[in-house]
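The values are calculated or read from the model by the stated rules, or taken from the named source; none is laboratory data. Small disclaimer: the values here were computed from a predicted structure and weren't measured. Cβ atoms come from the backbone with ideal geometry, glycine included; neighbour counts cover every protein chain shown. What goes into the accessible areas is simple: the full protein's heavy atoms, side chains included, and nothing from ligands, DNA or RNA. Shrake-Rupley method; radii C 1.70, N 1.55, O 1.52, S 1.80 Å.
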Amino acid sequence: LLLTRSAGLLLPILLFVSFRQPLGARNAAVMAALSLSSPSTLSYSTLATSDLLSLLLAVATTGIVLNKQSRSWLMFAGALGGGAYAVRNAQLALLASIAFYYFFLWSTQTKRRREITLNAAAFLLGVSLILLPVLIRNMTLFGAINPYHMAPSTLSAIHNVRTFIQEMAYDLSGVRSLGIVFGW
């Protein structure tokens, strides 16, 4: 519970610091304020779950990747990203999005390809420091890289997308009925 509450308190600060340079101070402050009033942040910060800690690690990872070009910082960001995955395996999406980000940079900035490749390699090294031991452990203990399986959703893709939109609108507005209107 201490980790969850600490992550909930640190989240708006880290959001502001991480996105102040790319988005500007005003937009970063709005983002931080929205996280403070988010029903999900408020409700999950009272539960002993790994959700907010995982989110905090993901924001820190993203903030470092966007703001620091030092390879030691990028390796640290990779370790944080690997830690986010170790806490919640859904953070595979974070790692995939950062890989896509580096691929996009590499594809569009042809004069900086060597630098981008080295930055991506530093990030990957940091990820592997955390992720490889976790994957080896999973293989050793469970016989699978990812031993956590969920049955496929019985709901349609449209229903899942509408529910996602509903919850995002609710999180942004704090008004449940507004979320339902936007989603449905």
| If we keep just the residues of the stretch 54-63 that are within 19 Å of residue 116 (Cβ to Cβ) and touching a Gly at 6+ places or on another chain (Cβ under 9 Å), which is least open to solvent (accessible area, probe 1.4 Å)? | 61
| field | Residues (modelled with pLDDT of 85 or more and open to solvent by less than 40 Å² (accessible area, probe 1.4 Å)) located in the stretch 9-49 | value | 11, 12, 15, 18, 19, 24, 28, 32, 35
| query | So which pairs qualify, if the first residue must be in the stretch 4-29 and free of Cβ contacts under 8 Å to residues at least 40 places away in the same chain and under 19 Å from residue 44 (Cβ atoms), the second must be crowded, with 16+ Cβ neighbours inside 10 Å and not aromatic (Phe, Trp, Tyr), the Cβ gap must be under 6 Å, and the two must be at least 6 apart or on different chains? | reply | 12/32; 12/35
| request: Collect the residues in the stretch 174-184 that are under 19 Å from residue 35 (Cα atoms), open to solvent by less than 50 Å² (accessible area, probe 1.4 Å) and in a helix (DSSP H, G or I), keeping them in residue-number order. | output: 179
| request: May I ask you to list pairs of residues, at least six apart or on different chains, whose Cβ atoms are under 6 Å apart, with the first in the stretch 64-81 being over 14 Å from residue 117 (Cα atoms) and open to solvent by 70 Å² or more (accessible area, probe 1.4 Å) and the second being among the β-branched types (Val, Ile, Thr) and assigned to a helix (DSSP H, G or I)? | output: 73/64
| remark: Residues in the stretch 135-168 that are surrounded by 15 or more Cβ atoms within 10 Å (Cβ to Cβ) and closer than 29 Å to residue 73 by Cβ total 2
| request: Pull up the stretch 135-173, narrow it to residues that are in a helix (DSSP H, G or I) and of a type in the set (Ser, Thr, Tyr), then point me to the one that is farthest from residue 82 (Cα to Cα). | output: 173
